[in-house]
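Structure first, commentary second.
The values are calculated or read from the model by the stated rules, or taken from the named source; none is laboratory data. Here the structure is a predicted model, which is why all the values come from computation and not from measurement. Note that we place each Cβ from the backbone using ideal geometry, even for glycine, and neighbour counts take in every protein chain shown. The protein model used for the area step is the full one, side chains on, heavy atoms only, and it has no ligands, DNA or RNA in it. Shrake-Rupley method; radii C 1.70, N 1.55, O 1.52, S 1.80 Å.
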Amino acid sequence: MRKSTKIIWSIVGILIAIVLVMGIYLYKTLDSITVPNQDIVEQEPATYPTIPGISHVLLVGVDSASIDIATRSDAMMLLTLDTIHDNVKLTSFARDAYVNIPGIGYEKLTHAYAYGEAPLLLQTVESNFQLEVDRYIVIDFKSFIALVDRLGGVEANLEQVDLREFNRVAEENYRKFYDNKEDSFRPIESPGIYNLNGYQTLAYVRMRKTDSIYAREERQRDVVEQVFKKITRMPFTSYSTLLKEVLPYIKTNMNVMDMVKLAFTALQIGTNDVRQLEFPNPNTSYGGSLPGKGWVLQWDEEAGREELHTFLNE
């Protein structure tokens, strides 16, 4: 065999070895975050069955620094990948939506996670919204910060009225959830468009005293859309570092093949057509205080479900 041929085969062998090592690493890393034995209790057949080619994953942001603490879900968003119409949909579920939590009774949707974590939250979403969704990803505050920092930040427009509350929540995030204290806290002094770092972005999606719950959830959807686009456009070689930094703070019931399939589906669809929905619809729901329940958001169940499924399947 000629020397040049040996060199070529040596290079090929090295490349194959690198791919195998990366594959094994990714498999073990993804497998480590899968929660075993958390199958969802079977529900009655949904009134609005999911159309083949349209898949859903519930994204849950928990109100804590650890996914192992039973707490309320601070943000709940349905990620829908539609291979029929080649689009991605993001649906915010209002945390104060008044729903019937199985085994508990009528409460705010955000309380379902505190009572029974992701399995009970999924059952609540399925039974109240008539959705066939059995996959979830739970992320805590630390993971969110690490993810945004790894992706290079998120762009946001801050108004003058936002600054005081934004900086208050940002400093709280910095003290409680930010690990790299070598970087000093950086308040934002004037309105404008900024590229926010991780703890600043967390403040941007958490603050809620300067406007409405709907504006807050719109900010959450905008940030998730930016994160989704950045992840799908990353070079393949960057994924291992991203997974290493973020996955310790993530919990899911998807196995490795589910996650790989989900990733390939997202890459196949792309990010040219990302649509958003606030649910329940602010125009057909109304908020008010109920004895023993606090402030809740009540909604027209029949009309709400019809609108939700029209959006998800169109």
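Quick notes on this structure:
- Single residue of region 237-291 satisfying the filter (small (Gly, Ala, Ser), surrounded by fewer than 16 Cβ atoms within 10 Å (Cβ to Cβ) and assigned to a helix (DSSP H, G or I)) that is modelled with the highest pLDDT: ALA263
- When residues of region 108-119 are limited to those that are out of contact with any Pro (no Cβ under 9 Å at 6 or more places or on another chain) and surrounded by fewer than 24 Cβ atoms within 10 Å (Cβ to Cβ), the one nearest to THR201 (Cα to Cα): THR110
- Matching residues, region 198-236, being under 20 Å from ASP179 (Cβ atoms) and surrounded by 20 or more Cβ atoms within 10 Å (Cβ to Cβ): GLY198, TYR199, GLN200, THR201, LEU202, ALA203, TYR204, VAL205, ARG206
Yes or no, residue by residue, for (1) in contact with a helix residue (DSSP H, G or I) (Cβ under 7 Å, 6 or more places away or on another chain); (2) within 19 Å of LYS251 (Cβ to Cβ); (3) open to solvent by 50 Å² or more (accessible area, probe 1.4 Å):
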| residue | (1), (2), (3) |
| --- | --- |
| LEU121 | yes, yes, no |
| SER127 | no, no, no |
| GLN130 | yes, no, no |
| PHE144 | yes, yes, no |
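- Criterion violated by TYR204 - all others in (1) within 17 Å of the chain's Cα centre (by Cα); (2) over 16 Å from GLN160 (Cβ atoms) satisfied: (2)
- Selection over region 303-314 of residues that are open to solvent by 30 Å² or more (accessible area, probe 1.4 Å) and either under 17 Å from the mean Cα position of the chain (by Cα) or under 21 Å from VAL88 (Cβ atoms) (or both) gives a count of 4.
- Residue check for ASP74: in a strand (DSSP E or B), open to solvent by 10 Å² or more (accessible area, probe 1.4 Å) and modelled with pLDDT under 90: yes
- Test: ASP300 is over 19 Å from the mean Cα position of the chain (by Cα), surrounded by 14 or more Cβ atoms within 10 Å (Cβ to Cβ) and more than 20 Å from LEU151 (Cα to Cα): yes
Rundown of residues vs (1) at pLDDT 95 or above; (2) within 19 Å of GLN220 (Cβ to Cβ); (3) more than 14 Å from the chain's Cα centre (by Cα), yes/no style:
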{"site": "ASP96", "(1), (2), (3)": "no, yes, yes"}
{"site": "ASN100", "(1), (2), (3)": "yes, no, yes"}
{"site": "LEU109", "(1), (2), (3)": "yes, yes, yes"}
{"site": "TYR113", "(1), (2), (3)": "no, yes, yes"}
{"site": "GLU117", "(1), (2), (3)": "no, no, yes"}
{"site": "VAL133", "(1), (2), (3)": "no, yes, yes"}
{"site": "ILE139", "(1), (2), (3)": "no, yes, no"}
{"site": "LYS142", "(1), (2), (3)": "no, yes, no"}
{"site": "LEU147", "(1), (2), (3)": "no, yes, no"}
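- Residues being touching a strand residue (DSSP E or B) at 6+ places or on another chain (Cβ under 9 Å), in a helix (DSSP H, G or I) and touching a residue at least 40 places away in the same chain (Cβ under 8 Å) - total across region 163-197: 1
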